[in-house]
Amino acid sequence: MRARICLATPLAAAAALVGSAASAQIAPTTPQDPPPPQAAQQSAPPRLTQFIQAEYPPDALAQGVEGSVLLQLSVDVEGHVTEAEVVTGLGHGLDEAALAAARRFVFEPARRDGEVVPAVLRYRYRFSATAARAAQAPAVRAALRGTVRGSSDAPVVGATVTAVLPDGQRREATTDAEGAFRFDLDVVGNVRVFVRAETSRAYAVTEAVRNRDDLGLTYRLSPIPVARPVAAAPDTTPDDDPTGEATVRARRPAREVTRQTLEFREILRMPGTGGDALRAVQNFPGVARSINGLLIVRGSSPQDTQIFADGTLIPIVYHFGGLSSVISTELLDHIDFYPGTFSARYGRAQSGIVDVGLRAPRRQGWRAVANINLIDASVFVEGAITRDLSFAASFRRSYIDAILGAVLSGVDAVTITSLPVYWDYQAMLEWRPGTRDRLRLTMLGSDDSFAIILNRPNEMAPRFSGTFSSGIGFHTGQLLWDHTFSSAVTSRAVFSLGRNAINFGGGEAFGLDLSFLQFTGRYELSAQLNARVRANVGLDIIGGPATVAFNGIRPPTEGQQVDPGNVTRVSTNATDTVYRPGAYAEFELTPARGLRLVPSVRVDYTRDARRSWSINPRLSFRWDFIDGWTLKGGVGLFNQPPQNNQSSGAPNSFLPSTRVGNPNLLTQRAVHYSLGFEHNFSRFVTLSMEGFYKHLDDQIVSQPGITAEPYLNRGVGRIYGGEILLRHRPSERFFGWLAYTISRSERRDTPMSDYRIFQFDQTHILTAIASVRLGRGWEAGLRFRLVSGNPTTPVAGSLLNADSGTYTQIPGVPFSSRNAPFHQLDVRIDKTWTFRRGSLNLYLEVLNAYNNSNPEGVQYNYNYTQSQTVTGIPIFPNLGIRAEY
Amino acid sequence: MARVNRTALTLLAAAALSVGCGDDLDPAWKIKTFRVFGVRVENTTRAADPRAVEAAPGETVRLTVSYLDPAATPRDVRVVWVMCAQARRMGATVGCDPAGASVLMGGAEQSYTVPSIAYGLDPFGRARITAIGVVCAGGAVAVDPATRLPSCTGAGAEGVTLTRSILVRASEADAMGHNPEITDAVLYRGGNTNDAVTLAADGSARVPRCTTDPCTEHVIELRAPAESRETYRTFDNAGATVMRPERVLYGYFTTGGELDLTFYVDTAERPLGPVRNKWSAPRTPGTVTFIFSAQDTRGGYDWIQRTVTIE
């Protein structure tokens, strides 16, 4: 009996193949009448082995015409299409495009009673304009790989593994001698996986693949019972599949309890961020609202969170305190944000991690993007040089210098000597010499600078006048090498060398000039040892000479009240060598179905602390205890070295008998605990709830006055709270989330003092984001935030410091009062026009749409007898254009 | 120093750029109540060096408070000083160890002999005596015997609590610091340098009241001898030892009219420029009193008081 072939519509069309102007998908075939066992074993319809992508007619794409072309194809005994005709067409050139592509299809011929026979079949060729426009999708966004094993745990060699991607792409692989297979995916979402082997039952399952996932899977097949049919249809769903055997499944690299990942559309369209990826991070639960771009994660100081670009530590993440990030969004593959209990591959941080992943340049064709708004302009270009060599480059420059220069030109309070400007660049060259290797050379750089003369001395600090300048920048070259030893063993090596520079001048009273020749190296080896154990081991190091010239008062530590009459003057010019190697080992264990344990340990050495060695054991788990429900938790120890000015043993020129810092400091330490759950309500809607507690000790606290130990490990802290994230991942029309954090962060600066509120503590943080595609290229989004006011320290009185001629406040109980709550609505409207060779996106973003006067601080008069509230930015519209070619 | 405290720098920058922008707050130049502007310290032992501000143990200094009481009937001013040879700081407040502390009570001008004891170094590397004082208008002064903190009491009394340092010379090899000096204040009517009047303490200088909108802006220039500003040894922002002119802070305060600035600082970019400030006269006739002050970073202070008749 000949199997009847009908045409199914793919589940979704979300993305297109890289470098393709069209997105065409072929539907998998579905048997409507299951064949009898014997027939199924001896007869088979033609099976597509080579799919050809149709070119999307530009006019049809511009008009948004999409749908399916139903074709009838004749396939000969060699699998070639001999005839093709349109049964139901779409017009607009799509019928011809579908025919042209289908005529180049290659099939495995149909069989009847074991003999190859010609066949006639119908195919529905779907054109998705949406997917075609998403042709800029990253080349490789995730990996799905694993091992197929039999009931005896022996690898199944020659099994056919088929993956049907969310956009209908179909990939097929044959397991090797170790039973291994691998797919590099350019789209993410729900991937349907079908496993077939001659002597085993077929198996089908749906895997939820997220951006940058590296799924390590083990499928265990059971033998075919006698006289049972083989359900070979690849789009049989798991629920339909009566023969599927339970498998051991392991997701990589969910080594951490919580990892939040932003998808590209969320980044581009998120209201209030100007399409800037790293600013979007501030909308996740656990991140406090900040007016100056500081990342305050789960009640910890900004310097307790580290930012990496593909494993390389970068000194800043935002230009000028949050205007935009220092890496082009166009070059981002993903941003992983770990608010706590993170993997042992990260160290030297006691709070959180932001890991920015750069994407591979496209390997076909060229693409260029220009983005212009009221603050800055950027260009981005990428393309393939040869088949194996591709590049990408981006440059951005602000023009707030022009705007501010015009505004300040008539103001006699300041004389501008160097207008505020920032710029950054990224350049990338990627070479794939073979299927096992990928090498990438990347140059990253950023610079922020300005200098002004304050002509009007401030009444509170009149000596703070004269030239006021600031500059911060970095220039780094990075070499990345991914190597695949086998399907079970991979490695990544990342080395970087660059210079970080910070200079800051405040007249004659304050000056800082820092230069750090930073070398970083990281090597990680990942091996799937067996079906239940995966090991990741790695080494990483940061080091290099740092030269600093500093003149000013000793920087205060968090929460310290600066007493102008009791500051310590520091002056130094010293060179020190940073040397901080580390090593880690991590095991991903799957002791039972749905349970994943990740014990790990990290060892770090720091030459600039008395406790040079730190050993950090960590453990996290995720347990899929019911389908769609995951229990998660973790505990771990985290060490963070002192800042170099705190541990510097360089002499203080101002007070020759003293030193700049205290070289006998210990590393700061934190213990993280977290427990929560996740639930997938649907393919798009997920819920995550998590409680956390952090205990901090050996925190570094500045000591006022002259002392041989200007910094001591006397501080402790405790932070506890809960986070909720209800998220709707991007669908065809909508994305958004509701994030809520409740927390309390406290510090105790000396063993004798009471706990006080942390300087940036925010009890309640509510963020709601929604973005809707309205059709015809229109998209609208909202962001609403409701956040507790920042803590403030009341003024109890003042006294005249007759040495300086100004009044000094007498502070009350530190952080014992708060600003009024902050609430703000940001609105974003996008209109996109699609043309034959590109698209144009016009967006209007209105910050603080209802012009709320949010209190950000308190302003006092000269002797602290009068005060008034300082408010944040008023309503601020930002208009921008993004053009893509 | 691969990583410095960027948070502190950011906050410092933000604070520096944001404070002082409150339009609804009284500016410091406006004298509405009893005000104290500074304290001049002079070493009276060294008669040959009349502007010397530092004193060695055993030498005597004179402390003179610069104040103005705008009340219709000027009140008696009493001053109490607690001289802390070994000051103890607790946060932003200052206390005294009983040893080495002494109390002075009197008027705006008092003398004190620097004791011969072993001095510690302050956060700037100097030995100093911290004087904690209260300047009290229309009331009585006292010192709490337990805390040794001074106070001002009495109905209707106004007091200002203040601190002042007396730098103790450890070695005669060190360069002596001196008080700056203001010799004159010259008013250019309408900003016209050809229409100048030197202000006097007796109100003999006359200025028309404001009758226009906006008011005519006059310019007040402070004059000082060249030696008023000293050069001293310090560190530059690269940590190197340099000889640098003092940074002198000039203050303008008035009981009437509108000043443009409270302070004027001569900066490295404007080291020798004239010390000028804009002032517009009040709309009503009467007298206006000015306090002009000069303060360096090494303990030096000077002031003059001038009165202008508004016609």
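Name the residue, out of A:Ser731, A:Ser753, A:Ser771, A:Ser745, that is surrounded by fewer than 21 Cβ atoms within 10 Å (Cβ to Cβ), of a type outside the set (Val, Ile, Thr) and in contact (Cβ under 8 Å) with a residue 12 or more places away in the chain.
Details: A:Ser753 fails: in contact (Cβ under 8 Å) with a residue 12 or more places away in the chain; A:Ser771 fails: surrounded by fewer than 21 Cβ atoms within 10 Å (Cβ to Cβ); A:Ser745 fails: surrounded by fewer than 21 Cβ atoms within 10 Å (Cβ to Cβ).
Of A:Ser731, A:Ser753, A:Ser771, A:Ser745, the one residue that is surrounded by fewer than 21 Cβ atoms within 10 Å (Cβ to Cβ), of a type outside the set (Val, Ile, Thr) and in contact (Cβ under 8 Å) with a residue 12 or more places away in the chain is A:Ser731.
Which members of the range A:426-437 meet the condition of being over 21 Å from the mean Cα position of the chain (by Cα) and among the charged types (D, E, K, R)?
Scanning the range A:426-437 gives A:Arg432, A:Arg436, A:Asp437.
Farther than 30 Å from A:Glu459 by Cα, of a type outside the set (Gly, Ala, Ser) and more than 10 Å from every other protein chain (Cβ to nearest Cβ), is that true of A:Asn854?
No, not satisfied.
Only one of these conditions is not met by B:Glu246: (1) of a type in the set (Asp, Glu); (2) more than 30 Å from B:Arg126 (Cβ to Cβ); (3) surrounded by 14 or more Cβ atoms within 10 Å (Cβ to Cβ); (4) under 23 Å from the mean Cα position of the chain (by Cα). Which number is it?
(2)
Please identify the pairs in which a residue from the range A:434-460 that is more than 30 Å from A:Gly311 (Cα to Cα) and within 14 Å of chain B (Cβ to nearest Cβ) has its Cβ atom under 9 Å from the Cβ atom of a residue that is of a type in the set (Lys, Arg) and surrounded by fewer than 19 Cβ atoms within 10 Å (Cβ to Cβ), counting only partners at least 6 apart or on another chain.
A:Ile453/B:Arg270; A:Asn455/B:Arg270
What is the one condition in (1) more than 21 Å from A:Gly505 (Cα to Cα); (2) facing another protein chain (nearest Cβ under 10 Å) that B:Ala224 does not satisfy?
The single condition B:Ala224 does not satisfy is (2).
Among the residues of the range A:698-728, what is the count of those that are part of a loop (DSSP other than H, G, I, E, B), surrounded by 17 or more Cβ atoms within 10 Å (Cβ to Cβ) and not hydrophobic (A, V, I, L, M, F, W, C)?
3
Within the range B:271-286, is even one residue within 21 Å of the chain's Cα centre (by Cα), within 11 Å of chain A (Cβ to nearest Cβ), crowded, with 16+ Cβ neighbours inside 10 Å and modelled with pLDDT of 95 or more?
no
Of all residues in the range A:668-718, which are without any contact (Cβ under 8 Å) to a residue 12 or more places away in the chain and within 14 Å of chain B (Cβ to nearest Cβ)?
Answer for the range A:668-718, where residues must be without any contact (Cβ under 8 Å) to a residue 12 or more places away in the chain and within 14 Å of chain B (Cβ to nearest Cβ): just A:Gln703.
Would you please name the residue that is farthest from the other protein chains (Cβ to nearest Cβ), looking only at residues in the range A:860-878 that are part of a loop (DSSP other than H, G, I, E, B) and among the hydroxyl-bearing types (Ser, Thr, Tyr)?
A:Tyr864
Only one of A:Asn616, A:Asn662, A:Asn644 is within 13 Å of another protein chain (Cβ to nearest Cβ) and buried (at least 19 other Cβ atoms within 10 Å of the Cβ). Can you tell me which?
So the residue among A:Asn616, A:Asn662, A:Asn644 that is within 13 Å of another protein chain (Cβ to nearest Cβ) and buried (at least 19 other Cβ atoms within 10 Å of the Cβ) is A:Asn644.
Is there a residue being of a type in the set (Lys, Arg) and not in a strand (DSSP E or B) anywhere in the range A:666-678? Spell out how you get there, then give the answer.
In the first step, residues of the range A:666-678 are kept if they are of a type in the set (Lys, Arg); the result is A:669.
Going one step further and asking which of them are not in a strand (DSSP E or B), we end up with none.
No, the range A:666-678 contains no residue that is of a type in the set (Lys, Arg) and not in a strand (DSSP E or B).
Does A:Arg593 satisfy being charged (D, E, K, R) and either on the phi > 0 side of the Ramachandran plot or more than 7 Å from every other protein chain (Cβ to nearest Cβ) (or both)?
Against the criterion (charged (D, E, K, R) and either on the phi > 0 side of the Ramachandran plot or more than 7 Å from every other protein chain (Cβ to nearest Cβ) (or both)), A:Arg593 qualifies.
Residue-by-condition table, conditions (1) at pLDDT 90 or above; (2) in a loop (DSSP other than H, G, I, E, B); (3) touching a helix residue (DSSP H, G or I) at 6+ places or on another chain (Cβ under 9 Å); (4) surrounded by 20 or more Cβ atoms within 10 Å (Cβ to Cβ):
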site	(1), (2), (3), (4)
B:Thr45	yes, yes, no, no
B:Pro50	no, yes, no, no
B:Val65	yes, no, no, yes
B:Ala72	no, yes, no, no
B:Arg89	no, no, yes, no
B:Pro98	no, yes, no, no
B:Ser111	yes, no, no, no
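Counting only residues that are more than 17 Å from B:Val141 (Cα to Cα) and within 14 Å of another protein chain (Cβ to nearest Cβ), which one in the range B:103-122 is nearest to the chain's Cα centre (by Cα)?
The extreme case among them is B:Asp122.
Right, A:Phe625: farther than 25 Å from A:Leu313 by Cα, more than 14 Å from chain B (Cβ to nearest Cβ) and in a strand (DSSP E or B) or not?
Spelling it out, A:Phe625 is indeed farther than 25 Å from A:Leu313 by Cα, more than 14 Å from chain B (Cβ to nearest Cβ) and in a strand (DSSP E or B).
Could you go through the range A:829-843 and let me know if any residue there is in contact with a Pro (Cβ under 8 Å, 6 or more places away or on another chain) and either modelled with pLDDT of 90 or more or within 25 Å of A:Thr767 (Cα to Cα) (or both).
no
Working only within the range B:170-197, note down all residues that are closer than 30 Å to B:Arg62 by Cα and surrounded by 14 or more Cβ atoms within 10 Å (Cβ to Cβ).
B:Ala170, B:Met176, B:Gly177, B:His178, B:Asn179, B:Pro180, B:Glu181, B:Ile182, B:Asp184, B:Ala185, B:Val186
Taking strands (runs of 3 or more DSSP E) that do not extend beyond the range A:481-566, which have at least 3 residues that are at the interface with chain B (Cβ under 9 Å from one of its Cβ atoms), in contact with a Leu (Cβ under 8 Å, 6 or more places away or on another chain) and farther than 30 Å from A:Ser343 by Cβ?
Numbers: elements: A:489-506, A:510-530, A:533-553.
Output list reads A:489-506, A:533-553.
Is there a residue in the range A:846-853 that is loosely packed, with under 15 Cβ neighbours inside 10 Å, touching a residue at least 24 places away in the same chain (Cβ under 8 Å) and farther than 30 Å from A:Gly559 by Cα?
Yes, the conditions are met somewhere in the range A:846-853.
Inspect all residues belonging to the range A:63-81 and state whether any of them is in contact (Cβ under 8 Å) with a residue 40 or more places away in the chain, closer than 19 Å to A:Phe835 by Cα and part of a helix (DSSP H, G or I).
no
Just name the residue that is nearest to the other protein chains (Cβ to nearest Cβ) out of those in the range B:227-244 that are out of contact with any Phe, Trp or Tyr (no Cβ under 8 Å at 6 or more places or on another chain) and either part of a strand (DSSP E or B) or within 22 Å of B:Asp184 (Cα to Cα) (or both).
B:Thr234
If B:Thr193 satisfies every condition in (1) within 27 Å of the chain's Cα centre (by Cα); (2) in the same structural domain as B:Tyr250 (by TED's automatic domain parsing); (3) at pLDDT below 90; (4) not small (Gly, Ala, Ser) but one, which is the exception?
The failed condition is (1).
Can you find, within the range A:337-387, the residue that is farthest from A:Ile542 (Cα to Cα) among those that are part of a loop (DSSP other than H, G, I, E, B) and of a type in the set (Gly, Ala, Ser)?
Top of the filtered list is A:Gly365.
The values are calculated or read from the model by the stated rules, or taken from the named source; none is laboratory data. What you see is a predicted model; the values in this text were computed from it and never measured. For neighbour counting, all protein chains shown are included, and Cβ atoms are generated from backbone atoms with ideal geometry for every residue, glycine included.
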